[in-house]
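Novice: Provided herewith is a single structure, encoded as structure tokens, for subsequent inquiry.
The values are calculated or read from the model by the stated rules, or taken from the named source; none is laboratory data. In this text, all values refer to a predicted model and were calculated from it rather than measured experimentally. Quick reminder, even Gly has a Cβ in these numbers, built from the backbone with ideal geometry, and neighbours come from all protein chains shown.
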Amino acid sequence: MILLTGGTGLIGSHLLLEFLNRELRVRVLYRNKEKRKRTINFLTEQGIDTEKAGQIDWVKGDILDIPTLNQAINGADKVFHCAALISFDPGDYRKLRKVNIEGTANVVNACIDHGVKQLLYMSSVAALGGTINGKPISETNEWNPSQDNNVYAITKYGAEMEVWRGTQEGVPCAIFNPGVVLGEGIWENSTEKFFSAVDKGLRYYPGGTSGFVDVKDVVRAIMTTTVTNITNERFVLVGENLSYKDLFSGIAAVTGNKAPDKKLSPWILEILWRLDRFRTAIFGGPAKLTRANARSASETTLYDNSKAKEVLDLSFTPISYTLERIAKYR
């Protein structure tokens, strides 16, 4: 049996769809009834009938609730750990540490106690070391604690250290480092933000470059790793390194909107994140633009996906095809 955490998120929902299509027994640890309902609706829209969806064993709780976590993991031979808190706001650092590091430690400890055969952990390219001499970032890059790491990256790296600890205590693992994941169905993620910005007439684009990947490619990579029993390895999952200009232009092309045509200068972003910090200090509320977001949006960051291609025999979906599929789904 499989235990899935984070099953109501974008990657988790698509993983759940794959499990059901393969008729695998799955238990999902979930926190929010509305998100659970949304996920079931997504599965139904993807062709999963009511009877098959009803076979999911839902357990209400979270990775910080140790008794419930142990109850959920009991009897599982594989654990897919996708639950995480995503935020780049320095004000959320303690919450990020609690969920991403402490929560992952709880999952690892439960895997050890219950003799789980394999732990598959969904990390992020944020947890990889920075680029050296402008070369694409790969699995071999080493984490540099002295560089200007954002709070999300710090806690995802800390979570990875907990997973590697688990391997020393008898739990084989595989770690996945996806870039910006694009996919349909669960719209509380970067995908909808990108599409909505273009729908609303976005005129300015940041000058940076990042790595993007289709959610279905992420799922295929995970399932290949599971079937082939590849253990104690990590994989960068990036389909394409794209500029934000090309990404927004691609979205505009499939949605019939006008593409943004004005480049946002780095110095303007520097002013904007400082103004946003002032706003949050005076009026409160979450940060809308952090220093980390502003600076990464102007940086050219490239990723090397050759290991996933060679070891997993993975062919990545062109992002243009991904955007077309998402547009049809919306």
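Novice: Based on what the data block shows, is Ser249 without any contact (Cβ under 8 Å) to a residue 12 or more places away in the chain, farther than 22 Å from Ser315 by Cα and buried (at least 17 other Cβ atoms within 10 Å of the Cβ)? Don't jump to the end; show me each part of the working.
Specialist: Values: without any contact (Cβ under 8 Å) to a residue 12 or more places away in the chain: yes; farther than 22 Å from Ser315 by Cα: yes; buried (at least 17 other Cβ atoms within 10 Å of the Cβ): yes.
Yes, satisfied.
Novice: It is to be established whether one or more residues within region 60-69 are within 21 Å of the chain's Cα centre (by Cα), of a type in the set (Asp, Glu) and either modelled with pLDDT of 95 or more or in a loop (DSSP other than H, G, I, E, B) (or both).
Specialist: yes
Novice: Checking the structure you have, find out if any residue of region 314-321 is at negative phi, part of a helix (DSSP H, G or I), in contact with a Phe, Trp or Tyr (Cβ under 9 Å, 6 or more places away or on another chain) and at pLDDT 85 or above.
Specialist: The first filter runs over region 314-321 and keeps only residues at negative phi, leaving 314-321.
Checking which are part of a helix (DSSP H, G or I) leaves us with 319-321.
From the residues that got through so far, the ones that are in contact with a Phe, Trp or Tyr (Cβ under 9 Å, 6 or more places away or on another chain) too are 319.
Filter once more, keeping what is at pLDDT 85 or above: 319.
Within region 314-321, one or more residues are at negative phi, part of a helix (DSSP H, G or I), in contact with a Phe, Trp or Tyr (Cβ under 9 Å, 6 or more places away or on another chain) and at pLDDT 85 or above.
Novice: Say whether the condition of being part of a loop (DSSP other than H, G, I, E, B), charged (D, E, K, R) and closer than 24 Å to Lys117 by Cα is met by at least one residue in region 25-37. Step through it out loud before you land on a result.
Specialist: Our first condition is that a residue be part of a loop (DSSP other than H, G, I, E, B); within region 25-37, this holds for 25, 31-32.
When the remaining residues are screened for being charged (D, E, K, R), the result is 25, 31.
Then drop every residue that is not closer than 24 Å to Lys117 by Cα, which leaves 25.
Yes, there is a match, as at least one residue in region 25-37 is part of a loop (DSSP other than H, G, I, E, B), charged (D, E, K, R) and closer than 24 Å to Lys117 by Cα.
Novice: Still on this structure, please answer the following. Within the set of pairs 6+ apart or on separate chains, which have a first residue in region 38-51 that is touching a residue at least 24 places away in the same chain (Cβ under 8 Å), a second that is surrounded by 10 or more Cβ atoms within 10 Å (Cβ to Cβ) and hydroxyl-bearing (Ser, Thr, Tyr), and C-beta atoms under 6 Å apart?
Specialist: Going by the 6 Å Cβ cut-off, the qualifying pairs are Thr39/Thr8; Thr39/Ser13; Phe42/Ser13.
Novice: Would you check which residues across region 117-149 are of a type in the set (A, V, I, L, M, F, W, C), buried (at least 23 other Cβ atoms within 10 Å of the Cβ) and in a loop (DSSP other than H, G, I, E, B) and list them?
Specialist: Within region 117-149, just Leu128 meets the criteria.
Novice: Take the conditions over 30 Å from Asp261 (Cα atoms), modelled with pLDDT of 95 or more and either touching a helix residue (DSSP H, G or I) at 6+ places or on another chain (Cβ under 9 Å) or assigned to a loop (DSSP other than H, G, I, E, B) (or both) and apply them to Val99. Does it pass?
Specialist: On the way: over 30 Å from Asp261 (Cα atoms): yes; modelled with pLDDT of 95 or more: yes; either touching a helix residue (DSSP H, G or I) at 6+ places or on another chain (Cβ under 9 Å) or assigned to a loop (DSSP other than H, G, I, E, B) (or both): yes.
Yes: the conditions hold for Val99.
Novice: Filter region 192-229 down to residues that are touching a Ser or Thr at 6+ places or on another chain (Cβ under 9 Å) and hydroxyl-bearing (Ser, Thr, Tyr) and give me whichever is farthest from Leu16 (Cα to Cα).
Specialist: Once the filter is applied, the top-ranked residue is Tyr205.
Novice: Same structure again: Are any residues in region 79-115 free of Cβ contacts under 8 Å to residues at least 60 places away in the same chain and more than 28 Å from Ala292 (Cα to Cα), and if so, which ones?
Specialist: Within region 79-115, Asn106, Asn109, Ala110, Ile112, Asp113, His114, Gly115 meet the criteria.
Novice: Criterion first (surrounded by fewer than 18 Cβ atoms within 10 Å (Cβ to Cβ) and either in a helix (DSSP H, G or I) or out of contact with any Phe, Trp or Tyr (no Cβ under 9 Å at 6 or more places or on another chain) (or both)) does Lys156 satisfy it?
Specialist: Numbers: surrounded by fewer than 18 Cβ atoms within 10 Å (Cβ to Cβ): no; either in a helix (DSSP H, G or I) or out of contact with any Phe, Trp or Tyr (no Cβ under 9 Å at 6 or more places or on another chain) (or both): yes.
Considered against the rule, which asks whether it is surrounded by fewer than 18 Cβ atoms within 10 Å (Cβ to Cβ) and either in a helix (DSSP H, G or I) or out of contact with any Phe, Trp or Tyr (no Cβ under 9 Å at 6 or more places or on another chain) (or both), Lys156 comes out as no.
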